[in-house]
Number of protein chains: 2
Amino acid sequence: MTLKNQANDGQQQIDLKFMKKAIALARKSELAGEIPIAALVVDKNGRIISQSTNLRETKTTVLGHAELVALHRACKKLGSWRLNGCTLYVTLEPCFMCAGALVQARIDRVVFATHDPKAGALGSVADLSNHEKLNHRFVTQQGPLQEESSQMLKNFFKKKRTQN
Amino acid sequence: MTLKNQANDGQQQIDLKFMKKAIALARKSELAGEIPIAALVVDKNGRIISQSTNLRETKTTVLGHAELVALHRACKKLGSWRLNGCTLYVTLEPCFMCAGALVQARIDRVVFATHDPKAGALGSVADLSNHEKLNHRFVTQQGPLQEESSQMLKNFFKKKRTQN
């Protein structure tokens with residue numbers, strides 16, 4: 001194994017640890033009747049500075065997506081609307097609103113578990129992390145636990161259809 | 001004048017009335033050290049249900065754009081994250097984050113005073129109001145008081161450069 005591979009392996013372990021935590025949070029939010037999605041903001045020292053589940057129904061606001069709430073809480077904690085150096089972990093690829101917020105917040109890196117082919121704005125419908133016209137770019141990648149997140153969402157919508 | 005023109009003329013007068021109010025709000029926000037931008041949400045009966053200036057510095061959050069705060073307040077007032085039937089008036093063309101939020105909120109119509117050629121996502125850099133992949137579309141138009149809004153922003157940034 002080369003040194004570079006070792007470093008990549010270390011990063012993968014870190015990504016897995018945070019995504020496991022995001023998935024566990026998302027599972028809890030399902031119990032509150034929310035679409036099971038969760039997000040964490042981690043600073044450059046690997047410290048979780050904020051987290052949130054999807055709260056759109058609970059808080060009755062269009063700003064209730066997990067990513068937006070986590071970004072807002074991170075801003076409050078750091079006392080700045082700029083989150084340079086931070087990484088966002090999220091269980092589902094962000095929509096335009098959330099991807100746009102990540103650009104605005106000058107995030108460094110985003111890791112998501114599974115793609116959102118219908119509305120994802122970090123690779124599926126568009127890619128705002130690397131848009132030629134925008135003034136901030138960031139690293140984005142589809143990370144670990146794709147299957148877990150995808151199944152959790154599928155099961156949620158299946159159950160919802162049966163209930164209706 | 002045909003009946004259709006009369007109707008259009010009536011709508012133009014309504015748009016002018018609300019945009020004047022948005023411009024007046026934006027001027028106030030400049031005094032608080034914020035980029036002078038403001039937004040209003042108006043319901044289908046022509047009633048203002050929420051308004052906000054840009055509060056990004058004051059509230060220290062990336063979610064402080066005028067449109068997002070106005071949308072959030074409208075959701076709280078109506079008790080729903082869906083704002084079908086509502087119109088948003090804003091002094092500057094919304095960015096991806098805010099345009100994405102307008103899609104998420106199922107807004108009916110957006111009127112903005114002046115384009116944002118560098119970051120606007122309702123016609124300039126992209127047009128999220130009419131995106132083939134997204135599940136909601138809305139009417140969007142560049143409305144009255146373009147020159148007033150544009151000059152207000154130019155003066156703000158000119159003054160800021162002189163101060164620094």
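Some notes on this structure:
- The order of B:19, B:152, going from fewest to most other C-beta atoms within 10 Å of their C-beta, is B:152, B:19.
- Flagged links, alpha-carbon separation over 30 Å, of A:20/B:77; B:118/B:159; A:76/B:118; A:133/B:44; A:21/A:159; A:59/B:160: A:20/B:77; A:133/B:44; A:59/B:160
- Which of B:87, A:53 has the fewest Cβ neighbours within 10 Å, and the rest in rising order: B:87, A:53
- Translational diffusion coefficient (Stokes-Einstein; Kirkwood radius from C-alpha pairs) of the range B:4-64 at 10 °C, 1.306 mPa s, in µm²/s: 124
- Only alpha carbons enter this Debye calculation for the range B:41-164, each as an equal point scatterer, and the log10 of I(q)/I(0) it gives at q = 0.11, 0.18 Å⁻¹ is -0.37, -0.97.
- Neighbouring partner chain Cβ atoms per residue of B:100-107, average, 10 Å criterion: 6
- Helical runs (DSSP H, four residues minimum) scored at -39500 (n - 2.57) apiece and divided by the length of chain B put the mean residue ellipticity at 222 nm at -14000 deg cm²/dmol.
- Shielding by partners - mean other protein chain Cβ count within 10 Å, residues of B:89-99: 4
- Working from Cα pairs under 8 Å separated by at least six residues, relative contact order for the range B:50-125 is 26 percent.
- Of every Cα-Cα pair in the range B:95-164, the percent that sits beyond 21 Å: 34
- Net charge over other residues, Cβ less than 10 angstrom from the Cβ of residue B:123 (K, R count +1; D, E count -1): -3
- Pair-distance distribution P(r) for the protein assembly as shown, from all Cα-Cα distances in 20 Å bins starting at 0: 31, 55, 13, 1 percent.
- The range B:113-152 has equivalent-ellipsoid semi-axes of 23, 11, 5 Å, by the square roots of 5 times the alpha carbon gyration tensor eigenvalues, sorted largest first.
- Here the range A:1-119 is treated with +1 on each Lys and Arg Cβ and -1 on each Asp and Glu Cβ, and its dipole about the Cα centre works out to around 380 debye.
- 5 angstrom amide H check on residue B:110, placed H, neighbours 5+ away: B:88, B:139, B:140, B:141
- Shielding by partners, peptide B:60-69 (average Cβ within 10 angstrom, other chains): 6
- Normalising the average separation of contacting C-alpha pairs (under 8 angstrom, six or more residues apart) by the number of residues puts the relative contact order of chain B at 19 percent.
- Sparse-neighbour loop sites [GluC sites (Glu not before Pro); the range A:62-164; at most 14 other C-beta within 10 Å; DSSP]: A:132
- Local charge for residue A:155 was computed over the other residues whose Cβ lies under 15 Å away, with Lys and Arg +1 and Asp and Glu -1, and equals +3.
- Restricting the calculation to alpha carbons of the range A:1-114 gives Rg and Dmax of 14.2, 50 angstrom.
Only the coordinates and a few stated rules stand behind these numbers; no lab work does. Treat the numbers as computed from the prediction; the structure is a model and nothing was measured. Note that each Cβ is placed from the backbone with ideal geometry, even for glycine, and that neighbours are counted across all protein chains shown.
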